Amino acid sequence: MSRPKISVIGAGNVGASAAFQIADQELADVVLVDIVEGMPQGKALDLHQMCPVIGSDVNFIGTNNYEDTANSDVVIITSGIPRKPGMSRDDLISTNTKIVKEVTENVVKHSPNSILILVTNPLDAMVYVAHKASGFPRERVMGMAGVLDSARFRTFIAMELGVSVENIHAFVLGGHGDDMVPLARYTTVAGIPITDLMDEATIDALVTRTRKGGAEIVGLLKTGSAFYAPGTSAVEMAEAILKDKKKILPCCVHAEGEYGIDNIFVGLPVKLGRKGVEEIVQIDLQESEQEELNVSAGHVKELCDIIDGAGIL
Ligand code: APR
């Protein structure tokens, strides 16, 4: 049985972290693509030389040529610029729209049956761009944001309560921005809702820190944005797909009436399997939660309208 193939477009911080994680899990052969000459080749060689040490038999190719990505099962798109201190994710929109459009067109030419996982920001709008540029059905175009936002929430809860991160399941809906919607009543520690374990003020503080989690890291790094957790989160999605795990993860998907949202890309709980987005899991939201989700979805729509207005697609 041949190993699955994942192409990672953008061999920068997030792309290289994802590639590292794929090798560590012995999940797939990796093709690392970047526009910069030599850099993906160098990183691929370095990662390949790590494999004997960790006991992983995946193969690596570093390249500037999309022909090498042919027949990928999954493509993780990280190409684009990251933000700097003081920038919002939305500030990246015009540069990254052009990059994601070009990259997607190249990817689909060589891997028409692949499943795309977007990581480039502003995330939800970039999933819209890739969906449009690829012509793929919604099942095969999704964005990584909810896994990361949930991981941040889980980390902060674990730090607060002094418990294992493994005990914590978090539930975050909405777009990947300051108006994301972490749902406290569906966030649990060993099955116990956090609302039974912490007072409201503490939960609110953790929710706020989660919403600003990316900016906190940008402020500390000063030269770019987070990459270990984003890269690893994208690989969790790829693993769920390639192993047909039917894992329910919060992902950015094209809502077609689910949660009362139509024709907008936004973070919702999704069942991931070998076909990609196999189901959007629906639950009843309280009125205030639905309102927050609507605000977040409305924000994504504004960004997509800006892209449409700019005539780039
Ligand atoms: N084709 C291929 N690669 C490209 C292209 C392109 N047209 N344009 C840019 N790139 C590459 C860059 O050369 C760079 O190596 O994308 C890579 C991006 O890497 P970094 O600058 O290190 O950025 P990173 O931290 O990885 O973030 C990438 O993910 O989380 C988001 O907000 C983040 O949008 C950003 C993206």
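The values are calculated or read from the model by the stated rules, or taken from the named source; none is laboratory data. A quick note: this is a predicted structure, and the numbers were derived from the prediction, not measured. Using ideal geometry, Cβ is built from the backbone for each residue, glycine included, and neighbour counts are taken over all protein chains shown. Please note that ligands, DNA and RNA were not included when accessible areas were found on the heavy atoms of the full protein model with its side chains. Shrake-Rupley method; radii C 1.70, N 1.55, O 1.52, S 1.80 Å.
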Top-ranked residue in region 146-159 [being open to solvent by 50 Å² or more (accessible area, probe 1.4 Å) and not β-branched (V, I, T); ranked as farthest from the chain's Cα centre (by Cα)]: M159
Qualifying position, being of a type in the set (V, I, T), open to solvent by 20 Å² or more (accessible area, probe 1.4 Å) and within 16 Å of the chain's Cα centre (by Cα), among I192, I248, I217: I248
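Restricting to region 33-52, what's the tally of residues that are surrounded by 20 or more Cβ atoms within 10 Å (Cβ to Cβ) and either free of Cβ contacts under 8 Å to residues at least 12 places away in the same chain or not in a loop (DSSP other than H, G, I, E, B) (or both)? Break it down stepwise before answering.
Step one: list which residues in region 33-52 are surrounded by 20 or more Cβ atoms within 10 Å (Cβ to Cβ), which gives 33-34, 40, 43-44, 47.
Remaining after also requiring either free of Cβ contacts under 8 Å to residues at least 12 places away in the same chain or not in a loop (DSSP other than H, G, I, E, B) (or both): 33, 40, 43-44, 47.
Counting residues in region 33-52 that are surrounded by 20 or more Cβ atoms within 10 Å (Cβ to Cβ) and either free of Cβ contacts under 8 Å to residues at least 12 places away in the same chain or not in a loop (DSSP other than H, G, I, E, B) (or both) gives 5.
Taking into account only those residues within region 7-32 that are assigned to a strand (DSSP E or B) and free of Cβ contacts under 8 Å to residues at least 40 places away in the same chain, which is farthest from A44 (Cα to Cα)? Don't jump to the end; show me each part of the working.
Filtering region 7-32 down to residues assigned to a strand (DSSP E or B) leaves 7-9, 29-32.
After this cut, where a residue has to be free of Cβ contacts under 8 Å to residues at least 40 places away in the same chain as well, the list is 29-30, 32.
On the way: D29: 11, V30: 8, L32: 7 Å.
Here the answer is D29.
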Positions within region 238-291 being without any contact (Cβ under 8 Å) to a residue 12 or more places away in the chain and in a strand (DSSP E or B), in sequence order: D262, N263, E279
Count of region 56-113 residues which are within 12 Å of the ligand (Cβ to nearest atom) and over 20 Å from K43 (Cα atoms): 21
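Residue check: is S94 among the small types (G, A, S) and in contact with a Gly (Cβ under 8 Å, 6 or more places away or on another chain)? Show your work before the answer.
On the way: among the small types (G, A, S): yes; in contact with a Gly (Cβ under 8 Å, 6 or more places away or on another chain): no.
No; evaluated as a whole, the condition is false for this residue.
Right, I203: open to solvent by 20 Å² or more (accessible area, probe 1.4 Å), away from the ligand (no atom under 16 Å from the Cβ) and without any contact (Cβ under 8 Å) to a residue 60 or more places away in the chain or not? Even if it seems obvious, please write down each step before you answer.
Working: open to solvent by 20 Å² or more (accessible area, probe 1.4 Å): no; away from the ligand (no atom under 16 Å from the Cβ): yes; without any contact (Cβ under 8 Å) to a residue 60 or more places away in the chain: yes.
It is false that I203 is open to solvent by 20 Å² or more (accessible area, probe 1.4 Å), away from the ligand (no atom under 16 Å from the Cβ) and without any contact (Cβ under 8 Å) to a residue 60 or more places away in the chain.
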Inter-residue pairs, beta-carbon under 8 Å, first among the hydroxyl-bearing types (S, T, Y) and in region 177-191, second open to solvent by less than 10 Å² (accessible area, probe 1.4 Å), 6+ apart: T187/F153; T187/I157; T187/I168; T187/I194; T188/I168; T188/I194
Complete set of residues in region 160-187 that are open to solvent by 30 Å² or more (accessible area, probe 1.4 Å) and of a type in the set (S, T, N, Q): S164, N167
